[in-house]
Amino acid sequence: MGIGLYVHIPFCISKCRYCDFNSQVAAEPLRRQYHAAVGEQLQRLLGGPIPYCISTVFFGGGTPTIYSSADLAHLLAIIVANGELDTPAEVSCEANPDTVDVDKLMALRAAGFNRLSLGVQSLDDEQLRLLGRTHDAGTALAAAAAAREAFDNLSLDIIYGIPGQTARSWSATLDGIIALRPDHISAYGLMIEHDTPLHMMVASGQLQPLSDTTYAEFYTQAQRAFAAAGYLQYEISNFARPGYECRHNLSYWRNESYLGCGAGAAAYLDGVRSINIADPGDYCAAVGEGRSVIASAEQLDAVHRAGETIMLALRTAAGADLIRISEQCGMDLRAQHADIIAAMIAEGIAAYDGGVLRLTPEKGFLLHSEVARRFLV
Amino acid sequence: MHGEFPQQNIRTFSIVAHIDHGKSTLADRILEYCHTIGERDMRDQVLDDMDLERERGITIKASAVRLQYDADDGQTYVFNLIDTPGHVDFNYEVSRALKSCDGALLLVDVSQGVEAQTVANMYLAMEADLEIIPVVNKIDLTQFPVETVLEQLEDDFGFAPEVSVLTSAKTGAGIHELLEAIVRSIPPPAGKHDAPLQALIFDSKFDTHRGALAYVRVFNGSISADDRIMTMSDGSHFDVDEVGVFSPHMVPKDTLSVGEVGYVIAGMKQVKDCRVGDTITSARNSAEKALSGYREPQAMVFCGLYPSDNVDYGVLKDALDKYSLNDAAFRYEPETSAALGFGFRCGFLGLLHMEIVQERLEREYDLDLVATAPSVVYRVLTNDGEVHDIENPAKFPDTGAIAAIEEPIVKADIMTPHKYVGACMKLSDDRRGDFQKMEYLHGDRVILHYRLPLAEIVVDYFDALKSATRGYATLDYELAGFQEEDLVKVDILINGDTVDALAIISYRKFAERRGRSICRKLKKTIPRQMFEVRIQAAIGSRVVASTRHAPLRKDVLEKCYGGDITRKRKLLERQKEGKKRMKQVGSVEVPQEAFMSILELD
């Protein structure tokens, strides 16, 4: 079985108001330099004596499609030339509506990308403006239609819980998204992160965040709409037509190994989690000087590894296999947490079957942190 | 002349002051002028020797230091400076320390003037019959006229302006005059060298290597190494290993003679062997009677102390064993709670004492403790004719088995300016006080004599009294037996389970109100959880108050992909760390503060 490879593109046309990811608006020279550096690191990473067998590739950002299709094709070609790609491998690319058109998407498809994840976020112009998106609903719809034409495997990202959002506007976005017939939908609750313009707007009283109850209602609303349209929920925020679950992301939640390339990209290999230098300029310098790009690394012991395995697995509909994880970490998790497991079952927060603990989509998923904390050290 | 110095050249005094009026700085300055301590070894505030005392600004343990002063009359004098704590929990300790003095410096900050605590301390000093020297300090602050304070001292206490000494502990101005005034005004110790030994223990301390150390003032006779001595409260005999003085570190001497202040080490294994207020005499040639005023150390409030993490039980036990060696008023015994696991029931002088002990245990032994709400000891008479003294409400017998409940009563003396009498009486009446009589003192001061249930005053009566009188009232109380009362146990249930550690005993008429108030308090301190949390107060099987926390609807971190995993795990772990001080009661997480919060009154 192969490994996942993540490639990070830390650039955007402009920074969204809610965004706390590693992305920035950068001038052309840095973008060129970075493109070369990523190519260089990919070559080094994959060009060892024993090639990695790669089953999924994910170009994420930022906005990978800030680069031309030729640029992206070039990087993918390096991967194909130096690694051994599974057949069929899942090769995803994230895109934003105002950086793609049908020709570019066709070119990406032709270059070997076979899954596109498009950041639509909302079909309400006012909400898009509030989020600081550079596109309107019309642009997003056009991009999604073009992507539908170009890709057999299309995913759309949307956001709920936006201040000012109503059940009606959310419903309109949900209907609009379903009408675009994507194979996969990621629906994220808006988190108001520190050090973002949105946080400042909330802190200053300019914006009123939605209550947890409304947030939960919107979540339920999405779950029902997607279920009715034939999508299965396989993770807290992810829905797919059968067979279209994102293999790359599933491997994260199964706590499997993966490679990371690019500024701030994370990797998990042989029980070691590492993170690359986050600043694109510093990252380029390190690559240029032949230095290691790793900024920090952590070797996990069995107990912490088990904690992560549970934390991640509980995000999925498949749940956490407590018997298997107990064997791995040498603790009897089921016995240790018997009280809380029983109470969660009684309250409909979780189900327990054949040694597997699953959070229920109705009540459990939204309490994931509260449950996961109980299982962490 | 029997010691190194003639008895008439000894001056023993303490400094009484409002907090922050510069007591410690003045003490330091006196020490410096007497050349007992080099500036190099001088920490700020020599007399307070524990971090905790510094932080809280309270002196917990009295301390004594011996100085030598070369006076203008060409003679050398010995000064004994005795420090005192300042809270009602430690009133008894203060009274013993003052009893060991012949005089007191009444310190007033020129920028603050006479304040409530100045008055209260002045009163204590007068009660101890001390010669008082008023000292107006911080005169370097020239924007404050000295005259105002001098007038206050004259109006409030009748001190003629010329008897006050003006100082600046900061610049050293007036210190020489002060030392001369001490020589002139404070009388030398009375007492006879050839009378049988009477030495008052006014403080004690535990030293890991040497055992208990008694701080003494010799009132009659003398005490030397190798003497056989007896503590008069219980007739125990000990052989003296060493006597000496604090200068300010321990300096051994052959003998402590009449009038001298110092320490005695005599094979006492713990401070309980040398009780504050006890009289030491000679085993062979005993004094006829002890010095007056001794009281058995008496625990007034009790609470359960439990380790937050059950695995720390052993560490806590060890910590209590060690701590109790140094605190004669503290006692403890093991107990178990269904909610909290294994812990100890501990007895304290009062709430401040309890807080200090808890803090010291946590700090010095790196423990994380849960304290249950404090309780007094109740005397329960059961139908089978047995009498039980019960310190833990959870241990009360079933209502059906109880014939009568008695609670401890105190005799309380409240001294207050006349204009606050109404406020003091209202407060005391609200706390089920039984007014005895009112006594008029000189000036506009009165003493109110009350009988009050101890349970009503241990928690915050002192604080309430202080705020009702803008700090001017003083309180002293002592136990005055037990009295039958209509009391009930109020149980607290969380999700239907009785939580033993949250039970309280209440006056029946107050019980429902207390129950409602506790439910409200708990709702505030217990965070929302993934389950509904129902909090109920019940008397017997009757639920008298009830409240519920709706379950948490949402607690989730969005987006968890490759780069987020470590960060999110760490975030959750940190949040969990923040919850470590929670106790799991059934499936509900109850924070530590909840156990104490039930005491706060609305």
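Here the stretch A:251-277 is the region considered, the condition is being more than 9 Å from chain B (Cβ to nearest Cβ) and in a loop (DSSP other than H, G, I, E, B), and the residue that is surrounded by the most Cβ atoms within 10 Å (Cβ to Cβ) is A:263.
With respect to residue A:229, is the statement that it is at pLDDT below 95, out of contact with any Lys or Arg (no Cβ under 6 Å at 6 or more places or on another chain) and of a type in the set (A, V, I, L, M, F, W, C) true? Taking the combined requirement at face value, the residue does not satisfy it.
Restricting to the stretch A:210-233, count the residues that are out of contact with any Gly (no Cβ under 8 Å at 6 or more places or on another chain) and either in contact (Cβ under 8 Å) with a residue 40 or more places away in the chain or away from chain B (no Cβ under 12 Å) (or both). Show your work before the answer.
Filtering the stretch A:210-233 for residues out of contact with any Gly (no Cβ under 8 Å at 6 or more places or on another chain) gives A:211-213, A:216-217, A:220-233.
Filter once more, so that each one left must be either in contact (Cβ under 8 Å) with a residue 40 or more places away in the chain or away from chain B (no Cβ under 12 Å) (or both): A:216-217, A:220-233.
The number of residues fulfilling the criteria is 16.
Identify all residues within the stretch B:322-347 that are surrounded by fewer than 18 Cβ atoms within 10 Å (Cβ to Cβ) and of a type in the set (S, T, N, Q); write none if there are none. Within the stretch B:322-347, B:336 is the sole residue that qualifies. What about residue A:331, is it assigned to a loop (DSSP other than H, G, I, E, B) and hydrophobic (A, V, I, L, M, F, W, C)? Yes, satisfied. Residues that are surrounded by fewer than 17 Cβ atoms within 10 Å (Cβ to Cβ) number at least 2 in the following helices (runs of 4 or more DSSP H) confined to the stretch B:421-478: B:421-430, B:461-468. Across the stretch A:165-174, not a single residue is classified as farther than 26 Å from residue A:236 by Cβ and either assigned to a helix (DSSP H, G or I) or in contact (Cβ under 8 Å) with a residue 12 or more places away in the chain (or both).
Name every residue in the stretch B:571-580 that is facing chain A (nearest Cβ under 8 Å) and modelled with pLDDT under 80, in order of residue number. Steps first, please.
Residues of the stretch B:571-580 facing chain A (nearest Cβ under 8 Å): B:572-573, B:575-576, B:579.
Residue satisfying the conditions is B:579 alone.
Residues in the stretch B:487-509 that are touching a residue at least 60 places away in the same chain (Cβ under 8 Å) and more than 25 Å from residue B:583 (Cβ to Cβ): B:487, B:488, B:507. Listed by first and then second residue, the pairs with beta-carbon distance under 7 Å, at least 6 apart or on different chains, first residue in the stretch A:357-377 and at negative phi, second polar (S, T, N, Q), are A:361/A:223; A:361/A:233; A:373/B:575. Residue B:583 falls short on exactly one of the conditions (1) under 18 Å from residue A:340 (Cα atoms); (2) more than 9 Å from every other protein chain (Cβ to nearest Cβ); (3) modelled with pLDDT of 90 or more; (4) crowded, with 21+ Cβ neighbours inside 10 Å, and that condition is (3).
Residues in the stretch B:516-563 that are more than 15 Å from residue B:497 (Cβ to Cβ), outside any helix (DSSP H, G or I), away from every other protein chain (no Cβ under 14 Å) and not hydrophobic (A, V, I, L, M, F, W, C): B:540, B:542, B:547. On inspection, residue A:172 passes the criterion of being within 26 Å of residue A:17 (Cα to Cα) and surrounded by fewer than 17 Cβ atoms within 10 Å (Cβ to Cβ).
Has the stretch A:286-306 got at least one residue that is more than 14 Å from chain B (Cβ to nearest Cβ), assigned to a helix (DSSP H, G or I) and surrounded by 14 or more Cβ atoms within 10 Å (Cβ to Cβ)? Looking for residues that are more than 14 Å from chain B (Cβ to nearest Cβ), assigned to a helix (DSSP H, G or I) and surrounded by 14 or more Cβ atoms within 10 Å (Cβ to Cβ), one finds at least one in the stretch A:286-306, hence yes.
Rundown of residues vs (1) modelled with pLDDT of 85 or more; (2) at negative phi; (3) not basic (Lys, Arg), yes/no style:
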| position | (1), (2), (3) |
| --- | --- |
| B:441 | no, yes, yes |
| B:451 | yes, yes, no |
| B:454 | yes, yes, yes |
| B:458 | no, yes, yes |
| B:469 | yes, yes, yes |
| B:474 | no, yes, yes |
| B:478 | no, yes, yes |
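Hey, could you check the stretch A:337-364 for residues that are assigned to a helix (DSSP H, G or I) and more than 7 Å from chain B (Cβ to nearest Cβ) and say which is surrounded by the most Cβ atoms within 10 Å (Cβ to Cβ)? Looking at residues that are assigned to a helix (DSSP H, G or I) and more than 7 Å from chain B (Cβ to nearest Cβ), I get A:344.
Apart from one condition, residue A:202 fits all of (1) in contact (Cβ under 8 Å) with a residue 24 or more places away in the chain; (2) within 14 Å of chain B (Cβ to nearest Cβ); the exception is (2).
Table: residues versus (1) farther than 24 Å from residue A:145 by Cβ; (2) out of contact with any Ser or Thr (no Cβ under 8 Å at 6 or more places or on another chain).
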position: A:172; (1), (2): no, yes
position: A:179; (1), (2): no, yes
position: A:186; (1), (2): no, no
position: A:202; (1), (2): yes, yes
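If you go through the stretch A:215-240 and keep only what is over 18 Å from the mean Cα position of the chain (by Cα) and either basic (Lys, Arg) or part of a strand (DSSP E or B) (or both), you end up with just A:224.
Take the stretch A:197-222 and flag every residue that is among the polar types (S, T, N, Q) and loosely packed, with under 15 Cβ neighbours inside 10 Å. Steps first, answer last, please.
So in the stretch A:197-222, the residues among the polar types (S, T, N, Q) come out as A:204, A:206, A:208, A:211, A:213-214, A:220-221.
Passing the criteria: A:204, A:206, A:208, A:211, A:213, A:220.
When the helices (runs of 4 or more DSSP H) confined to the stretch B:100-196 are screened for residues that are at pLDDT 90 or above and more than 30 Å from residue B:220 (Cα to Cα), those reaching at least 1 such residues are found at B:146-157, B:175-185.
I'm checking my understanding of the structure. Among residues of the stretch B:586-599 that are at pLDDT 85 or above and of a type outside the set (Phe, Trp, Tyr), which one is farthest from residue A:295 (Cα to Cα)?
B:594
Of A:373, A:315, all but one fail to be touching a helix residue (DSSP H, G or I) at 6+ places or on another chain (Cβ under 8 Å), facing chain B (nearest Cβ under 7 Å) and closer than 22 Å to residue A:251 by Cβ; the exception is A:315.
The values are calculated or read from the model by the stated rules, or taken from the named source; none is laboratory data. Model, not experiment: these values are computed from the prediction. All Cβ positions, even for glycine, are placed from backbone atoms using ideal geometry, and neighbour counts span all protein chains on display.
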